There are 2 protein chains.
Amino acid sequence: MADALDPVLNDIDRDLDNALERLFAWLRIPSISTDPAYAGHCREAAQWLEGNLTALGFETSVEETSLHPVVLAHRPKPGAPHVLFYGHYDVQPVDPLNLWRTSPFDPRIEEADGTKRIVARGASDDKGQVMTFVEACRAHLAMNGDLPVGVTILIEGAEENGSQGLPEWVEANRARLKADVALVCDTGMWDRQTPQITTSLRGLAYYEIKVTCADRDLHSGFFGGAAANPIHVLSRIIADLHDAEGRVTLPGFYDGVREPPPELLEQWRSLGLTAEKFLGPIGLKQPAGERGRLPIELIQSRPACDVNGIIGGYTGEGTKTVIASQASAKVSFRLVDDQDPEQLSKTFEAFVRERVPADCSVEVICYKGSRAVALPYDMPQLEAAQGALSAEWGREAVAVGAGGSIPIVGDFKRILGLDTLLIGFGLDDDRIHSPNEKYELTSFHKGTRSWARILSALAAA
Amino acid sequence: MADALDPVLNDIDRDLDNALERLFAWLRIPSISTDPAYAGHCREAAQWLEGNLTALGFETSVEETSLHPVVLAHRPKPGAPHVLFYGHYDVQPVDPLNLWRTSPFDPRIEEADGTKRIVARGASDDKGQVMTFVEACRAHLAMNGDLPVGVTILIEGAEENGSQGLPEWVEANRARLKADVALVCDTGMWDRQTPQITTSLRGLAYYEIKVTCADRDLHSGFFGGAAANPIHVLSRIIADLHDAEGRVTLPGFYDGVREPPPELLEQWRSLGLTAEKFLGPIGLKQPAGERGRLPIELIQSRPACDVNGIIGGYTGEGTKTVIASQASAKVSFRLVDDQDPEQLSKTFEAFVRERVPADCSVEVICYKGSRAVALPYDMPQLEAAQGALSAEWGREAVAVGAGGSIPIVGDFKRILGLDTLLIGFGLDDDRIHSPNEKYELTSFHKGTRSWARILSALAAA
């Protein structure tokens, strides 16, 4: 009854070079979603995937949202469980471009530190990861003429832009997204050898603050000491956001944040992820956030606030004695448990406005926010997927929370009633969102084999 | 014995259009000194002036310094006093370019608010001002075949870059710069109707701080709350630089700062320059610096600290969930009285380093600093110049201090033993260092006439 798995795995091994060629073609399309100048390339990336999935035998369409289109592909299997796979074809901006060793949209295989890796923007986040699932489907279809379970694939194009337009589209297309479980491939491994299923995700609230003081740039020689300086105002706001203990100072910020149960904390402690081990690979030693917390708490069960960008005044070479008229910063919060992004928006805006002098002005732009999500530990599919992953990697798959945000997971639960298995093969040093993003060849190859196994396991679950 | 002045003034009136054409030709050369890409244009601006002064009958040369060349021109007059005139041909960068109504290096006459003004980068600071002196010389030479006094003209090309290379050049060329008094045209009028001689200048110390945390840009979802953020570090440093009373918090910063004598303070108070009057024209209302000081104190007799630029992380459109590896800021101090820029550099660097976490790093670049200068009130030339200015403008010339820095004035005193008369015709709303810089046609025309009168007055002094 069950399709044979070994021929599928063998076919994945045999076809690896072709699979890479397919991925590279997709990586060459600069589908940067946050910059309107790349909107055409986003559509191109969607259309490329539509062609690929149609050729595999999916009923596929490119569908409009309020921002970039989504790709929707169906292959039903009556009587079998049905899964909804989600990923995104859009990628982060590439600046600072001068730090890339090779062009970000000219993918290549590099060898470093004894491993082969695919280097390109989107190699790991998320085109490489998406293609592990697509290639697993391809191999099943090639060897068995069918998939072990019914599959719907939904690949969006605005994940790096807060998934703008997606919740509305999901809401409007609920009937076409029916499934027993959702699968997402946009997370990482525990380490190089140990697969991971991510069971919770932090939420995200992202803001931009623009402070305007004088109505023009001023000469600091003439006005310095008398005229308000928006960089000073902005720096004061940012400095005030954290206290000396590394805690966020917004009133009520920690409302809804729960302490993990002692047994979970003990389990985390036993993982031995010290500050040195966690921060050493990126050149740091000491945790910068709340004092007295394990690194794993700081990035999983605790909220955080980071300024993601700041600009104002003269930033070219040399000196310019100017007092800028305007300065701006992008500020984001990672949320956990029951923290409410809408409440946060109100508190944050009030906090900012309180710190702007009466004769200056401020604009607070609120980008889309998302709540944290936690998955039930008793999902039947969780055990099946853990077994499949452990078989592939030869190690017990770890089930833990993660620091990043994938807003759609909360939407799937809210709109479709679906729980999500978050399984991905990224590594901590993949440099996603940074220059020289990479995806290990092992991640791609064994990731594809992992999904082939998981699809079979879910058929039996 | 004395050359006739009236024909000179008449010639200035008659030749105004030609004078503007000459100025425009100079303004078209984009001599931005702080950006190495414009080094060729700096030299071009020097050579243009060399040609102009040679044609007038000066013995002129373009001479090398460690950065951009200076223009040196001589016309001795045995038995008469000798003046050394200083100005600069370099200009500030033009960003943000999109805020210019017309191209910054395409000078034109605009009419607004009932006045005609020359609009271009450098129109006021300092090409337009320099040409008021050059055109005054031209008219004297045209009408009388000679100048009332011996004149040396020194025009440098790095004033907007801390006069890099100039003090060394002056030191090496002391013998060629002998004079009885120095004249500088790089300051402003008291108001549209009232001429001003600037009798003190604040010093300047300019730094750049570069904070580096992780060795790469990080994903704030994964690392947020655990990894140090250089924008937070930088904001803390900037916020800590001022206390709640607007005072600079650097230890010993106010050492060497003197309170003005009560009678001077009373004189300033009587000028009626309220915060509303001073800040209203730039869209502000309340002084941002030290509490309880007059605006005129804040910009003249009190030191100040301003962040002139800041940049870090993602500054494009939309959102990017990144923790930057590096962030940097340009920070400058305006100095008064006996504040020592060298001592300040030590204190400032220590202050910065104390606030950088042990596992992060910081680079503090120190651009050239200059002490404040104050001119003696009993200079014989001061009275002569005041009389000439009052005759031209029909109002008593005000003698006051100014907020900006012209480092060379201190060097002239130290190296050449020369006191400097600072006389200029800029207005507060000239937008020097900002988009749409302008110089009133009246400033240019009556400024030229003023210098013609001053040269004659100095011959008699």
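Coordinate-derived values only; no laboratory data. Worth saying up front: this structure is predicted, and the values here are computed from it rather than measured. All Cβ positions, even for glycine, are placed from backbone atoms using ideal geometry, and neighbour counts span all protein chains on display.
Put a point 7 Å out from Cα along the line to Cβ at A:R176; what are the distances to that point in the other copies, in nm, shortest first?
Copy-to-copy label distances at A:R176, shortest first: 8.0 nm.
For chain B, what does the relative contact order come out to in percent, with C-alpha contacts under 8 Å and a separation of six or more?
Details: 940 pairs, mean separation 118.2, N = 461.
It rounds to 26 percent for chain B.
Largest first and in whole Å, what are the equivalent-ellipsoid semi-axes of the range B:191-286 based on the Cα gyration tensor, each being the root of 5 times an eigenvalue?
Numbers: eigenvalues 353, 66, 39 Å².
For the range B:191-286, the semi-axes come out at 42, 18, 14 Å.
Within the range B:195-228, whose backbone N sits under 11 Å from a point 7 Å along Cα→Cβ of B:E363?
Within reach of a label on B:E363: B:209-212.
Against the longest alpha carbon principal axis of chain B, how many degrees, from 0 to 90 and to the nearest 10, is the axis of helix B:39-56 turned?
10 degrees
Can you tell me the Rg and Dmax of the protein assembly as shown, counting just the alpha carbons, in angstroms?
Looking at the protein assembly as shown, its Cα Rg and Dmax stand at 33.9, 121 Å.
Towards the positive end of the charge dipole of the range A:336-461, with charges on Cβ (+1 Lys, Arg; -1 Asp, Glu), say which of A:L441, A:F351, A:F425 has the farthest Cα.
Result: A:L441, furthest along the dipole toward the positive end.
Considering only DSSP beta bridges where both residues belong to the protein assembly as shown, give the percentage that are antiparallel (nearest 5). Mind dumping the intermediate values first?
Numbers: 105 of 147 bridges.
Taking every DSSP beta bridge within the protein assembly as shown, about 70 percent pair in antiparallel fashion.
Going by average Cβ neighbours within 10 Å, how do the peptides A:206-217, A:85-96 rank, with the highest at the top?
Working: A:206-217: 21.8, A:85-96: 24.9.
Output ranking for A:206-217, A:85-96: A:85-96, A:206-217.
Could you work out how far the C-alpha centroid of the range B:143-197 sits from that of the range B:199-240, in angstrom?
So the two Cα centres are separated by 39 Å.
In nm, one decimal, shortest first: how far is the label point of A:L265 (7 Å from Cα along Cα to beta carbon) from the matching points in the other copies?
Distances between equivalent label points, in nm: 5.8.
How far apart, in nm, are two points set 7 Å out from the Cα along the Cα-to-Cβ line at A:E245 and at A:A142?
Distance between label points: 5.8 nm.
Please state the charge dipole magnitude for the range B:261-328, taken about the Cα centre, from unit charges on C-beta atoms (+1 on K and R, -1 on D and E), reported in debye and rounded to the nearest 20.
On the way: 7 positive and 7 negative charges, 29 e Å.
Using Cβ point charges on Lys, Arg, Asp and Glu, the range B:261-328 gives about 140 debye.
For chain A, what does the helix formula give at 222 nm: sum of -39500 (n - 2.57) over DSSP H segments with n ≥ 4, over the residue count, nearest 500 deg cm²/dmol?
Working: 14 runs with 151 residues, N = 461.
The per-residue figure over chain A is -10000 deg cm²/dmol.
If packing is taken as the average number of other Cβ atoms within 10 Å across a peptide's residues, how do A:110-116, A:189-195, B:406-412 rank, most packed first?
B:406-412, A:189-195, A:110-116
For the range A:79-208, compute the orientation-averaged projected area of the C-alpha convex hull (one quarter of its surface), in nm². Don't skip to the end; give the middle numbers.
Details: hull surface 45.7 nm².
Projected area, direction-averaged: 11.4 nm².
Just the number: Rg to Rh for the range A:21-118, Cα atoms, Kirkwood Rh, two decimals.
Numbers: Rg = 16.2 Å, Rh = 15.5 Å.
Taking Rg over the Kirkwood Rh, I get 1.05.
Of A:E297, A:E317, how do they rank once you tally other Cβ atoms within 10 Å and put the fewest first? Please report the intermediate quantities before stating the final value.
Values: A:E297 22, A:E317 13.
Neighbour counts put them in this order, fewest first: A:E317, A:E297.
Relative contact order of the range A:318-424, please, whole-number percent, based on alpha carbon pairs below 8 angstrom and at least 6 residues apart.
Working: 56 pairs, mean separation 27.8, N = 107.
Computed over the range A:318-424, the figure is 26 percent.
Could you work out the mean count of beta carbons from other protein chains within 10 Å of each residue's beta carbon in B:281-293? Present the calculation step by step, with values, prior to reporting the outcome.
Working: counts 3, 12, 11, 11, 5, 7, 5, 15, 7, 2, 0, 0, 2.
That works out to 6 on average.
State, to one decimal in nm and shortest first, how far the label point of B:K210 sits from each corresponding label point in the other identical copies (label point: 7 angstrom along Cα-to-Cβ).
B:K210 label point versus its equivalents elsewhere: 3.0 nm.
How big is the charge dipole of chain A about its Cα centre, in debye rounded to the nearest 20, if each Lys and Arg gets +1 on its Cβ and each Asp and Glu gets -1 on its Cβ? Intermediate values should be presented prior to the final figure.
Values: 45 positive and 65 negative charges, 71 e Å.
It comes to approximately 340 debye.
Roughly what would the spin-label model give for B:K178 and A:E383, points 7 Å off Cα along C-beta, in nm?
The answer from the label model is 10.4 nm.
Please name which of B:V257, B:F133, B:F412 has its Cα lying farthest along the dipole of chain B towards the positive end, using unit charges on Cβ (Lys, Arg +1; Asp, Glu -1) and the Cα centre as origin.
B:V257
Roughly how many Å is it from the Cα centre of the range A:412-460 to that of the range B:389-437, as a whole number?
So the separation of the two Cα centres works out to 67 Å.
Regarding the range B:255-301, what's the average projected area of the Cα-atom convex hull, expressed in nm²?
3.6 nm²
Given 25 °C and 0.890 mPa s, how large is the Stokes-Einstein diffusion coefficient of chain A in µm²/s, with Rh as the Kirkwood radius over Cα pairs? Before the final figure, lay out each step's value.
On the way: Rh = 23.5 Å.
After rounding, the answer is 104 µm²/s.
What ranking of B:R449, B:R302, A:R28, A:R202 emerges when the number of other C-beta atoms within 10 Å of each C-beta is taken as an exposure proxy, fewest first? Write down the numbers at each step before the final one.
Values: B:R449 24, B:R302 27, A:R28 17, A:R202 30.
By the 10 Å Cβ count, ascending, the order reads A:R28, B:R449, B:R302, A:R202.
Determine the shape class of the range B:408-461: with a ≥ b ≥ c the square roots of the Cα gyration tensor eigenvalues, call it rounded for a/c under 1.5, and otherwise prolate if a/b is greater than b/c, oblate otherwise.
Because a/c hits 1.5 or more and a/b fails to exceed b/c, the range B:408-461 counts as oblate.
In the structure shown, do any of A:K285/A:K330; A:K277/A:K413; A:K285/A:K346; B:K285/B:K446; B:K127/B:K438 have a Cα-Cα gap over 23 Å, and if so which? Numbers along the way, then the final one.
On the way: A:K285/A:K330 26 Å; A:K277/A:K413 35 Å; A:K285/A:K346 35 Å; B:K285/B:K446 32 Å; B:K127/B:K438 11 Å.
Among A:K285/A:K330; A:K277/A:K413; A:K285/A:K346; B:K285/B:K446; B:K127/B:K438, the Cα-Cα distance tops 23 Å for A:K285/A:K330; A:K277/A:K413; A:K285/A:K346; B:K285/B:K446.
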